[in-house]
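Chemist: Below you will find the structure I want to go over with you.
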């Protein structure tokens, strides 16, 4: 067991996922770490209490359970430290509050997760932060948008719902010339298929609700920072009092053990369905970065190690008046696909995308956008269900 750490550092992805985050020898040989329910932590004497000279001091500041998960995420991200927060949205808002102040200017990609835009346009604006949205295709050209008071550049690749790719390295390099913090929502790829910090990002954001959980039953976010930005992130979490439950932390850690296997299955099935959709009548476009036909495919192929199970397609329609009726007919006919938000679980999901909040990346003109989460069901069953949807849409 002495060479365990070295062994894991040299091991394959699935091997590492099975063993990172805890050492059984720390807990009497038990394979999984204990679930520690805690608020109060006792000190042996006043001096220790005053100096906080012990590892654990209060439940909000970490427990063996949360530490095990944070250690696993740090291993995957290559980060100096990770915080756990109650949701994927909190994983965006906490670092924004950590690095932005009144009078600052922030650049946010226009294809951003919609609740992130709402937070920026409401709370951040109310707190005196100026928000500007930029084209995801801007690349190094983002430097022309940076002002003396620009403090943060937020990226997301692929973009939410429409999957625009970004040249993360070019954006990060340009932003760092002006001292900006670069954050990235990396939920789609997970650290298995893209490691943001390796491409110049300072803070990697992840909705652990999705693939780390894998079963549509937990809400959690992780935020991982490099050495230069870890202290401010950690301080913000302590100040805001954001912390997840020990039971959820344990379940996310358990989900990591099979995440590599699940992601591989999601990837293969989603690509098979996307390729099938490309050749089917009634489809105007398929929005999947791993398809050679997709505008951002070259960036995806250059920088990413894989693709996950969520993508969109444009349902062909004859004019705006048909958009919603066709989409409703398509979705209402589905049986295997559930109609629900979120993704990353074992089950297939479908939703009609609302892009009304976009300012630059406008909604496609050919028809409504349908987002699919391809689950772990058999591909032939998934396609058969989609065929039923197309048959219903064709009657509209």
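Chemist: Mind listing just one residue for me: the one in the range 46-73 that is without any contact (Cβ under 8 Å) to a residue 40 or more places away in the chain and assigned to a loop (DSSP other than H, G, I, E, B) and, of those, surrounded by the most Cβ atoms within 10 Å (Cβ to Cβ)?
Modeler: 62
Chemist: Separate question: Mind counting the residues in the range 176-209 that are closer than 16 Å to residue 112 by Cβ, in contact with a helix residue (DSSP H, G or I) (Cβ under 8 Å, 6 or more places away or on another chain) and not in a strand (DSSP E or B)?
Modeler: The qualifying residues number 4.
Here is a yes/no grid of residues against (1) free of Cβ contacts under 8 Å to residues at least 40 places away in the same chain; (2) more than 30 Å from residue 393 (Cβ to Cβ); (3) in contact with a strand residue (DSSP E or B) (Cβ under 8 Å, 6 or more places away or on another chain):
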| residue | (1), (2), (3) |
| --- | --- |
| 177 | yes, yes, no |
| 184 | yes, yes, yes |
| 193 | no, yes, no |
| 204 | no, yes, yes |
| 242 | no, yes, yes |
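Chemist: Restricting to the range 212-227, what's the tally of residues that are out of contact with any helix residue (DSSP H, G or I) (no Cβ under 6 Å at 6 or more places or on another chain) and in a loop (DSSP other than H, G, I, E, B)?
Modeler: Summing the residues that are out of contact with any helix residue (DSSP H, G or I) (no Cβ under 6 Å at 6 or more places or on another chain) and in a loop (DSSP other than H, G, I, E, B) in the range 212-227 gives 4.
Chemist: Specify which of the listed residues (298, 264, 356) is outside any helix (DSSP H, G or I) and either closer than 25 Å to residue 381 by Cα or assigned by TED's automatic domain parsing to the domain that holds residue 388 (or both).
Modeler: Matching residue, one of 298, 264, 356: 356.
Chemist: Right, here's the next one. Just checking, how many residues over the range 19-39 are surrounded by fewer than 15 Cβ atoms within 10 Å (Cβ to Cβ) and not in a loop (DSSP other than H, G, I, E, B)?
Modeler: 4
Chemist: Is it true that some residue in the range 304-314 is in a helix (DSSP H, G or I), modelled with pLDDT of 95 or more and buried (at least 20 other Cβ atoms within 10 Å of the Cβ)?
Modeler: no
Chemist: May I pose another question? Specify which of the listed residues (230, 276) is part of a helix (DSSP H, G or I) and under 30 Å from residue 315 (Cβ atoms).
Modeler: Going through 230, 276 in turn, just one is part of a helix (DSSP H, G or I) and under 30 Å from residue 315 (Cβ atoms): 276.
Chemist: Can you tell me how many residues in the range 368-396 are touching a residue at least 60 places away in the same chain (Cβ under 8 Å), in a loop (DSSP other than H, G, I, E, B) and touching a helix residue (DSSP H, G or I) at 6+ places or on another chain (Cβ under 6 Å)?
Modeler: 3
Chemist: Return yes or no: is residue 351 part of a strand (DSSP E or B), free of Cβ contacts under 8 Å to residues at least 40 places away in the same chain, closer than 22 Å to residue 167 by Cα and in contact with a helix residue (DSSP H, G or I) (Cβ under 9 Å, 6 or more places away or on another chain)? Lay out the reasoning, then the answer.
Modeler: Numbers: part of a strand (DSSP E or B): yes; free of Cβ contacts under 8 Å to residues at least 40 places away in the same chain: yes; closer than 22 Å to residue 167 by Cα: no; in contact with a helix residue (DSSP H, G or I) (Cβ under 9 Å, 6 or more places away or on another chain): yes.
No; evaluated as a whole, the condition is false for this residue.
The values are calculated or read from the model by the stated rules, or taken from the named source; none is laboratory data. Bear in mind that the values here come from a model prediction, so they are computed numbers and not experimental data. Neighbour counts are summed over all protein chains in view; Cβ atoms, including those assigned to glycine, are modelled from backbone coordinates with ideal geometry.
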